[in-house]
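Shown next, in structure tokens, is the structure this report addresses.
The values are calculated or read from the model by the stated rules, or taken from the named source; none is laboratory data. Since this is a predicted model, take the numbers as computed values, not measurements. We place every Cβ from the backbone using ideal geometry, glycine too, and count neighbours over all the protein chains shown. Keep in mind that these areas ignore ligands, DNA and RNA; they rest on the heavy atoms of the full protein, side chains included. Shrake-Rupley method; radii C 1.70, N 1.55, O 1.52, S 1.80 Å.
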Amino acid sequence: MAVVPVIPVMIPDLGEEEAQAAAEAVRSGWVAQGPRVARFEQEFAAAVGAGHGVAVSSCTTGLHLALVLLDVGPGDEVIVPSLSFIATANAVRYVGATPVFADVELATGNVTVETVDAVRTPRTRAVIAVHQGGVPFDTVALRKAADDWGIGLVEDAACAAGSTAYGAPAGTGAKVAAWSFHPRKLITTGEGGMVTVDSPEAAARLKRLREHGMNVSAADRHASKQPVLEAYLETAFNYRMTDIQAAVGLVQLGKLAGLVAQRRQLAARYQEHLSDIGGLIPVTDPAYGQTNYQSFWVLLHGFPVSRDEVLSELAAKGVSARRGIMAAHLEPAYADVTPGPLPVTERITRESLILPLHHRLTEADQDHIVGVLRELATR
């Protein structure tokens, strides 16, 4: 029986340059958080339009620290989209607060001023808004609303490196944003994340929070010619990034613009070739920004075959697609939560699937994928 070649849903763009950078970090003897982390923080913050970057062990720990920074805790409510990876809601529980699920708009998969306001209460202390799959939310509208309401806004930018809103990088103007470098993202450090802020005071506290509450970093202690006696100012965490990861991240960051351009070109080709297939709606840019197409998803609405059947048929034809964005409120971990109506969230999570999109995807691969979908549309 012939083996069907598999078209992966995602492949990280890692090569010899990243391997050499990691090896150099190992040979330097400085493998924990050190000078490469500091440089990566500076360069990443500049790339996303933020004043300061604080490298952490994951986007999830970054979200946790963002809520600690805002002094969110027990008795508080934090509004989050259910339509997101479960880490978005989990971070709220890490600080003892209550996640409250908001619905999203169909076109972008993002929360809006209206969907957030619909579930806002006097106990609401913050909202976590997600740039879903790299599609930016309306930053101008939601930031203004959060200020008017007097609540904090944490931007879950896990997928958004390279996306833009209102002509600027998605992180520009964010009071606090958390980013991911998981291998499914455009740029990766294996695992790892970043928190960006504009306030130097907020950056200083985040750096303490990620390092046990210590008031002097290991790099500063080693750089000093005199003994340094550190103090631990508050109960905090071990959420550090290593210099090995940062070395890889610096190489990856240099590829970001090229990767975004390539993905947008491939996404435009998908949109063109899928446009005449009935019952299939591909993701597109919002009017106010551009997505990096970290994920290319389609909605199957009125399609003659169910989403799960489409996934099975694609797999049988050598295409590794994925179910679309999950809904946290439908997972067992949140069975104790009774949200209000979330019709758009449930429609998107039921009808969406993610198609392959990566730097090795060829036009022939795309033609094969579109061909399978076109054949299914005639059933």
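Some points to look at:
- Using a cutoff of 8 angstrom between alpha carbon atoms and counting only pairs six or more residues apart, the relative contact order for the chain works out to 23 percent.
- Per residue, the accessible area of the chain comes to 42 Å² when a 1.4 Å probe rolls over the protein heavy atoms.
- What the Cα convex hull of the range 173-242 gives, in volume per residue, is 111 Å³.
- Segment Arg360-Ala107, extension gain: residue separation times 0.36 nm, minus the distance between their alpha carbons: 88.3 nm
- For the chain, the mean residue ellipticity at 222 nm estimated from helices alone is -11500 deg cm²/dmol, where every DSSP H run of n ≥ 4 contributes -39500 (n - 2.57) and the total is divided by all residues, rounded to the nearest 500.
- Residues with amide H under 5 Å from that of Thr124, placed H, sequence gap 5 or more: Glu77
- Cα convex hull of the range 1-127, projected area averaged across orientations, nm²: 13.3 nm²
- Proportion of all alpha-carbon pairs of the range 44-118 beyond 18 Å (%): 50 percent
- Relative protection proxy for 82-89, 18-25, from highest mean packing down: 82-89, 18-25 (other beta-carbon atoms within 10 angstrom).
- Estimated dipole of the range 249-379 in Debye, rounded to 20 [Cβ of Lys and Arg +1, of Asp and Glu -1, Cα centre]: 300 debye
- Put a dot 7 Å past the Cα of Ala118, heading toward its Cβ, do the same for Ala46, and the two dots end up 4.3 nm apart.
- Contour minus Cα-Cα distance for Glu230 and Tyr166 (0.36 nm per residue): 18.7 nm
- Efficiency of FRET between Arg264 and Arg323 - r from beta-carbon atoms, R0 22 angstrom, step 0.05: 0.40
- Around the Cα centre of the chain, unit charges on the Cβ atoms of Lys, Arg, Asp and Glu (plus for the first two, minus for the last two) sum to a dipole of about 500 debye.
- In this simple spin-label approximation, Val31 and Val216 carry label points 7 Å from Cα along the Cα→Cβ vector, and these lie 2.6 nm apart.
- Each Lys and Arg contributes +1 and each Asp and Glu -1, all at the Cβ; summed about the Cα centre of the range 125-232, the dipole is approximately 220 debye.
- Of the residues Gln226, Gly278, Ala261, the one whose Cα sits farthest toward the positive end of the charge dipole of the range 194-280, with +1 on the Cβ of Lys and Arg and -1 on the Cβ of Asp and Glu, is Gln226.
- Counting only residues at least eight positions apart within a chain, or on another chain, the lysines with an alpha carbon under 27 Å from that of Lys185 are Lys175, Lys207, Lys255, Lys317.
- Here's the picture: charge each Lys and Arg Cβ at +1 and each Asp and Glu Cβ at -1 in the chain, and of Thr60, Ile244, Val72 the one pushed furthest to the positive end of that dipole is Ile244.
- Carbon plus sulfur fraction of accessible area for the range 1-124, probe 1.4 Å, in percent: 59 percent
- Cα point-scatterer Debye curve for the chain, base-10 log of I(q)/I(0) at q = 0.06 Å⁻¹: -0.24
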